[in-house]
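Read the structure below first, then the notes.
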Amino acid sequence: MELSRRGFLKVTGVGATGLALSQLGIDLGPLQAYASGMKIEGAKEVISICPFCSCGCNVLVHVKDGKIINVEGDPDFPISEGGLCAKGASLMSLHTSPERLTKPLYRAPGSDKWEEKDWDWTMERIARRIKDQRDKDFKAKNAAGQMVNRVESIFHLGSSQVTNEEAAVLHQMVRALGMVHFDHQARICHSPSVPALAECFGRGAMTNHYNDIGNANAILIMGSNAAEHHPMSFKWCLEAKRKGAVVMHVDPKFSRTSARCNFHVPIRSGTDIAFLGGMVKYILENKKYFADYVVDYTNASFLVGEKYSFKDGMFSGFDAEKGKYDKKAWAFEKDENGMVKRDKTLKHPRCVINVMRDHYARYDLDRVSSVTGVSKEDLLKVYEVFCATGTPDKAGTFLYALGWTQHSVGVQNIRLSGLIQQLLGNIGIAGGGINAMRGEPNVQGTTDHALLYGYLPGYHSTPTANFQKLDDYLKAYTPTTADPMSVNWWGNRPKYVVSLLKSWYGDNATKENDYCFNLVPKMDPGVDYSHMYIFDRMYKDEIKGGLCFGHNPCQSVPNSNKVRKAWDKLDWLVMGDVFHNETTDNWRRPGIDPKTVKTEVFLLPSAYRAEKDGTISNSGRWQMWHYKAVEPLGESRDMGTMFVEMMNRVRALYAKEGGAYPDPIIKADYPEKFEAESITKRINGFFTRDIEIKGKVYKKGQLVPGFPMLMDDGSTTSMNWLYTGCFTEEGGNLSKRRDLTQTPMQAKIGLFPGFSWAWPMNRRILYNRASVDKNGVPFNPDKVVIEWKDGKWVGDVADGGYPPMAQEGGKYPFIMTTEGHSQLFGPGREDGPFPEHYEPAETPLTVNPFSGQMHNPVMKIIKSDMDQLAKNGDPRFPIVLTTYSLVEHWCSGSETRNGPALLEAEPQQYVEMSHELAKEKGIKNGEVVIVESLRGKTEAVAMVTVRIRPFTVMGKTTHLIGMPYCFGWTKPKCGDTTNRVTVSIGDPNTSIPEYKACLVNVYKADKVTEL
Ligand code: SF4
């Protein structure tokens, strides 16, 4: 009998689900001999999930005598098939590390040491500080006299490390306390993905999923080093390549991704729109688009209103005084019935496709080549291969990550890939789509649960002060359409908002109840409460205390010299983490006398992934359960328990003492104890009374089976409508499912509908109704996603169960956009309906050859005495710096720098530079150099390499260097963060900072001059 290792584990009962095979008549002799040689003999096997990238690799944790003795990849997990990258393979050493925080620590104001404290004392003191600060600074009204019920002097930052359940109770607590300065890692990693993808298709998530990458015929990896940052995504690129796909990497530097692709094309950082704008021109000029798809499913035929124009880099509607566009200038033309006018012949000059053709006419090969530094041959090579997928039987996909998002045009970088995919008919199909590879392990789920100031869970805008009534708020954010063929799913928003309020405030919440609506704090319209602004206000002494969980902003936020100074100004600070990092220990950083730092710091030891239950959502929207394998190390606790206890202690203080507007805290329907699965149920939602829907009776207390059953009359609760359907009376907790069964149709494209659960409604490929023609016949019969058969859809869960367009009762396929079509022309973003090339905020150029507008005219600029910007073409800083992470270290490195094997592989800060630049600067490989900008300087070891080459830009040699951003001063004590030199400039839509392109200079360490 031949058995694989996994098969062996299964049959011998080493795993928790093992079988007694002697009962099946199998001779166990050889197997027992094998087992006795294994360290996991007799161990319990528990399923957990890697806590690093958003591939969400499942792992098997082996536990013996209450201790983790082994961690390995789960062969049943469809994405990794048992593989793990270096980080996943280090999980055991990280969980059992002697560096772990195991007791609550306290640092008194001005003290130079940590003191151990017990939980009771610590939590009581924290509750007291929160309450006192809130009572002191609570604002019932804003300067305009509008009710706002908020506190501005307390912040919360983090965390994409928490589970969905922890995020749900955290969000509820933060809003109950009245906080508006509330943000997490998505702001600085993938915040542009939501507004970019939502503007194109209606939802802000990765359109397909990791396994599906293997179905592509052409893969364009741009703004990502997939092999190192999302290693299991790259496994599926290689699978596609094995089947004949062409895999291309367009990126400033040659990396392990480039090495395994068909070819690599270097590009100057910050010029992706120029590159892709040239591709749009190529598609339109060479008629490479999928004509039926474009006419029927996109808004190509819509007529743009006469107020729209574009001149010399500026769209119409710009208000110079406000520094903003009036988006009404970009509205579509409508007829007397409110229907958008269309010309399906595409002849009208104001048809979207013609306006688009005019816009990108300037993106010719010469101009694109001169700006990007990419040769015309290379441009054409990429355009030809990728645009060959604009046929019904071919699929092309994009993979991107922070290389696109972290720019002052981050949203429009992604939008432009959406335009291309619409033209080529690559949305909704197997092997197509836009694969937004989210950063941290649960940044998808925690974005869904909106640990971000501007949203409530489920992507509802946080109310602003101009909405004093729930009805007004709902009207403003609930779109309407005159077109009966458009589903306009966001028309259901009132049901989701009321169900959320109902789950937060129980009996007080009904559609008519403004009292409940006003328990939620209101922002001032137009005010930005995100990361860069939080630190700016902290620096200006406007923020006094706060909470920071699973986040290391003193390392990972740009312009970290300023961030660290701002952090010094806090009166009190509560942090929860697994290890010490640059933020927990900021008060004793090099060069600082702790006596001068007044902050009272509470550091709470956090349980690690295999020490707790709960779900995370990977980038492909798979909501997956992980089990607690062992008790938390020492006295550490899961963050859900910390949040719930913190809130309940504050609540007890308000119950006893009263205080500023206690209602949102006292009246909250908040759990007394954190228990993950009961929160999963709350997230899903319940019926609050007996109710009949479409002839079926649901009883009070029953789980709501799906979001189509949520109501706006108070009869349902749900902490997040997207997840309604994840926990059902019939199926139980669907995130725990591990059924690999598929129909032959599903198996052909690897849908795995029985493995875990995916939002929405277990749909694996979003917009899949665009993979079929108007009668529901698949465009590509070899890779069918769904098909209309005998009056119903088969295959994946159809994106809207309505019949296909040409059938009776048929609807358009893009159910989440107001008019039912994907949007080539997107009138809703801050910086224009079409992506336009602007130079980064700091650029080596003095002219933008595409227009007279050098930079994004509405980018966010932070102003303070520590926020200097180099001028265009500044001779003092002629080099472009780009930053990145490594396969061995994750994000700020605050966890992975505690892994001995990881640290051995990547031990210190370095800077990659070309041989040409090194020669120019007299730098040798391995020498210590200083990298400096107008914001500061940092030390690194020079890595002189052919992986980076000089670019010829506008006829001149332009150098680019690259640095990882995951090294900091706490350990390994060789090199501090790259963010000491990066810039506080933000995209106008989401304020993501421009990490990926700023101007620096580089010197041998002995030649540095003081700035
Ligand atoms: S870091 Fe990502 S690819 Fe690596 S093991 Fe973890 S989840 Fe998988």
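Considering only residues of region 46-91 that are over 26 Å from the mean Cα position of the chain (by Cα) and among the β-branched types (Val, Ile, Thr), which is nearest to the ligand (Cβ to nearest atom)?
Among them, the one singled out is Val71.
Restricting attention to region 704-712, does a residue exist that is in contact (Cβ under 8 Å) with a residue 40 or more places away in the chain, touching a Lys or Arg at 6+ places or on another chain (Cβ under 7 Å) and more than 28 Å from Ser619 (Cα to Cα)?
Scanning region 704-712, I find at least one residue that is in contact (Cβ under 8 Å) with a residue 40 or more places away in the chain, touching a Lys or Arg at 6+ places or on another chain (Cβ under 7 Å) and more than 28 Å from Ser619 (Cα to Cα), so the answer is yes.
Val247 - would you say it is without any contact (Cβ under 8 Å) to a residue 60 or more places away in the chain and either closer than 14 Å to Tyr360 by Cβ or not in a helix (DSSP H, G or I) (or both)?
yes
A quick yes/no check of all residues on (1) surrounded by fewer than 18 Cβ atoms within 10 Å (Cβ to Cβ); (2) without any contact (Cβ under 8 Å) to a residue 24 or more places away in the chain; (3) outside any helix (DSSP H, G or I); (4) not polar (S, T, N, Q):
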residue	(1), (2), (3), (4)
Lys475	yes, yes, no, yes
Ser486	no, no, yes, no
Asn492	yes, no, no, no
Tyr496	no, no, no, yes
Lys502	no, no, no, yes
Tyr505	no, no, no, yes
Pro521	no, no, yes, yes
Met532	no, no, no, yes
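Go through region 615-668 and count every residue that is of a type outside the set (Ser, Thr, Tyr) and within 16 Å of the ligand (Cβ to nearest atom). Don't jump to the end; show me each part of the working.
Filtering region 615-668 for residues of a type outside the set (Ser, Thr, Tyr) gives 616, 618, 620-626, 628-635, 637-640, 642-653, 655-660, 662-668.
Checking which are within 16 Å of the ligand (Cβ to nearest atom) leaves us with 616, 618, 620-626.
Residues in region 615-668 being of a type outside the set (Ser, Thr, Tyr) and within 16 Å of the ligand (Cβ to nearest atom): 9 in total.
Considering only residues that are out of contact with any helix residue (DSSP H, G or I) (no Cβ under 9 Å at 6 or more places or on another chain) and within 14 Å of Asn1001 (Cα to Cα), look in region 872-890 and name the one that is surrounded by the most Cβ atoms within 10 Å (Cβ to Cβ).
Keep residues of region 872-890 that are out of contact with any helix residue (DSSP H, G or I) (no Cβ under 9 Å at 6 or more places or on another chain), which gives 872-878, 880.
Remaining after also requiring within 14 Å of Asn1001 (Cα to Cα): 873-878, 880.
Working: Gly873: 16, Asp874: 17, Pro875: 9, Arg876: 13, Phe877: 21, Pro878: 18, Val880: 25.
Checked region 872-890; the qualifying residue surrounded by the most Cβ atoms within 10 Å (Cβ to Cβ) is Val880.
From the residues in region 280-322 that are loosely packed, with under 13 Cβ neighbours inside 10 Å, closer than 28 Å to Pro857 by Cα and touching a residue at least 24 places away in the same chain (Cβ under 8 Å), which one is nearest to the chain's Cα centre (by Cα)?
Asp312
Which of the residues spanning region 328-347 are buried (at least 16 other Cβ atoms within 10 Å of the Cβ) and outside any loop (DSSP other than H, G, I, E, B)?
Correct list: Ala329, Trp330, Phe332, Val340, Arg342.
Only one of Arg150, Arg100 is away from the ligand (no atom under 16 Å from the Cβ) and either in a helix (DSSP H, G or I) or within 26 Å of Ser556 (Cα to Cα) (or both). Can you tell me which? Can you show your working first?
Values: Arg150 fails: either in a helix (DSSP H, G or I) or within 26 Å of Ser556 (Cα to Cα) (or both).
Only one candidate qualifies: Arg100.
Filter region 27-74 down to the residues that are surrounded by fewer than 18 Cβ atoms within 10 Å (Cβ to Cβ) and hydroxyl-bearing (Ser, Thr, Tyr), then identify the one that is modelled with the highest pLDDT.
If we take residues in region 27-74 being surrounded by fewer than 18 Cβ atoms within 10 Å (Cβ to Cβ) and hydroxyl-bearing (Ser, Thr, Tyr), then Tyr34 is modelled with the highest pLDDT.
Does region 556-567 include one or more residues that are out of contact with any Asp or Glu (no Cβ under 8 Å at 6 or more places or on another chain) and within 30 Å of Asp713 (Cβ to Cβ)?
No.
Has region 777-789 got any residue that is surrounded by 22 or more Cβ atoms within 10 Å (Cβ to Cβ) and over 23 Å from Ile213 (Cβ atoms)?
Yes; the residues of region 777-789 include at least one that is surrounded by 22 or more Cβ atoms within 10 Å (Cβ to Cβ) and over 23 Å from Ile213 (Cβ atoms).
Pick from His209, His229: which is within 16 Å of the ligand (Cβ to nearest atom), over 25 Å from Val797 (Cα atoms) and touching a residue at least 60 places away in the same chain (Cβ under 8 Å)? Spell out the reasoning first.
On the way: His209 fails: over 25 Å from Val797 (Cα atoms).
Checking each option against the conditions leaves just His229.
Name, by its number, the condition in (1) within 30 Å of the chain's Cα centre (by Cα); (2) without any contact (Cβ under 8 Å) to a residue 24 or more places away in the chain that does not hold for Gly926.
(1)
Tyr308: assigned to a loop (DSSP other than H, G, I, E, B) and not basic (Lys, Arg), yes or no?
Values: assigned to a loop (DSSP other than H, G, I, E, B): yes; not basic (Lys, Arg): yes.
Yes, satisfied.
Take region 272-287 and flag every residue that is of a type in the set (Gly, Ala, Ser) and under 11 Å from Leu419 (Cβ atoms).
Taking region 272-287 first, the residues of a type in the set (Gly, Ala, Ser) are 274, 277-278.
Gly277, the sole residue that qualifies.
List, please: which pairs have Cβ atoms under 6 Å, are six or more places apart or on different chains, and start with a residue in region 28-56 that is more than 30 Å from Ser159 (Cβ to Cβ) and end with one that is at pLDDT 60 or above and within 16 Å of the ligand (Cβ to nearest atom)?
From residues that are more than 30 Å from Ser159 (Cβ to Cβ), the pairs are Ile40/Asn70.
Take region 939-970 and flag every residue that is aliphatic (A, V, I, L, M), touching a residue at least 60 places away in the same chain (Cβ under 8 Å) and under 23 Å from Gly899 (Cβ atoms).
Once the filter is applied, which keeps residues that are aliphatic (A, V, I, L, M), touching a residue at least 60 places away in the same chain (Cβ under 8 Å) and under 23 Å from Gly899 (Cβ atoms), region 939-970 yields only Met963.
Just checking, does region 280-299 include any residue being at pLDDT 95 or above, closer than 28 Å to Cys998 by Cβ, away from the ligand (no atom under 16 Å from the Cβ) and not acidic (Asp, Glu)?
Just the residues of region 280-299 that are at pLDDT 95 or above, to begin with: 280-299.
Filter once more, keeping what is closer than 28 Å to Cys998 by Cβ: 280.
Still in the running and away from the ligand (no atom under 16 Å from the Cβ): 280.
With the extra rule that they be not acidic (Asp, Glu), the set shrinks to 280.
Scanning region 280-299, I find at least one residue that is at pLDDT 95 or above, closer than 28 Å to Cys998 by Cβ, away from the ligand (no atom under 16 Å from the Cβ) and not acidic (Asp, Glu), so the answer is yes.
One line per residue, one yes/no per condition, for (1) modelled with pLDDT of 95 or more; (2) touching a Phe, Trp or Tyr at 6+ places or on another chain (Cβ under 7 Å); (3) polar (S, T, N, Q); (4) not in a strand (DSSP E or B):
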position: Trp121; (1), (2), (3), (4): yes, no, no, yes
position: Arg129; (1), (2), (3), (4): yes, yes, no, yes
position: Gln133; (1), (2), (3), (4): yes, no, yes, yes
position: Ala144; (1), (2), (3), (4): yes, no, no, yes
position: Gln172; (1), (2), (3), (4): yes, yes, yes, yes
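The values are calculated or read from the model by the stated rules, or taken from the named source; none is laboratory data. Bear in mind the structure is a predicted one, so any value in this text is a computation, not a measurement. Using ideal geometry, Cβ is built from the backbone for each residue, glycine included, and neighbour counts are taken over all protein chains shown.
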